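> Okay, here's the structure, questions in a sec.
Rule-based calculations on the coordinates, nothing more; no lab input. Computed from a predicted structure; not experimentally measured. Please note: Cβ atoms are built from the backbone with ideal geometry, for glycine as well, and neighbour counts cover all protein chains shown.
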Amino acid sequence: MPTRDANRDRDERAALLQGTLDLLILRTVAFRPTHGQGIARAIQQRSEEALLVDHGSLYPALQRLEAKGLVRAEWGVSENNRKARYYELTAAGRKQLARETSQWLSLVRAVSLILGPETAEG
């Protein structure tokens with residue numbers, strides 16, 4: 001049975017992912033059309049296993065991004081010969097990715113300034 005600290009860590013990781021999942025998906029499909037399982041796997045691998053995307057979060061996010069016109073999907077055949085929807089970035093998705101990436105990097109810089117090494121005044 002998970003400890004309360006383990007549950008809190010999992011919940012905090014889920015909250016962080018919830019707020020950034022769309023950005024991570026947009027970035028992942030910017031490279032090439034990718035099916036849902038491939039998106040989840042790429043996010044997990046690129047984050048060195050720190051971020052795990054469950055299907056209950058991934059597919060609603062993909063539907064939301066598709067409804068907003070940020071990604072488009074086409075049916076294809078996966079590497080294991082199964083029918084799968086492949087998602088790719090639209091022109092609007094590329095603009096949104098650039099905008100959100102800029103905002104995210106600004107936020108990271110600001111937080112890093114606060115968390116960075118203490119100065120003599122510190």
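> Each residue of the stretch 50-59 in turn: what ³J(HN,Hα) in whole Hz from Karplus with 6.51, -1.76, 1.60 and θ = phi - 60°, glycine and Pro shown as x?
For the stretch 50-59, the Karplus curve yields 6, 10, 10, 9, 8, 4, x, 9, 5, 5 Hz.
> Let me ask something additional. What ranking do 32-43, 96-107 get when scored by the average of other Cβ atoms within 10 Å per residue, highest first?
Sorting 32-43, 96-107 by mean packing, highest first, produces 32-43, 96-107.
> Please compute the length gained on full extension between residue 114 and residue 101, using 0.36 nm multiplied by the number of residues separating them and subtracting their Cα-Cα distance.
Result: 2.7 nm gained on full extension.
> Right, something else. Out of residues 5 or more away from residue 90 or on other chains, whose amide H comes under 5 Å of its own, with H placed 1.01 Å from N in the peptide plane?
71, 72
> Net charge within 13 Å of residue 66 by Cβ-Cβ distance, Lys/Arg positive one each and Asp/Glu negative one each, not counting residue 66 itself?
Numbers: positive: 64, 68, 72, 85; negative: 22, 74, 88.
Net charge in that neighbourhood comes out at +1.
> Follow-up. Provide the FRET efficiency to the nearest 0.05 for the residue 54-residue 20 pair, computing r from the beta carbons and using R0 = 22 Å.
Here the calculated transfer efficiency is 0.90.
> Quickly work out the residue 64-to-residue 44 label distance, labels modelled 7 Å from Cα along the C-beta direction, and quote it in nm with one decimal.
Each label point lies 7 Å from its Cα, and together they span 2.2 nm.
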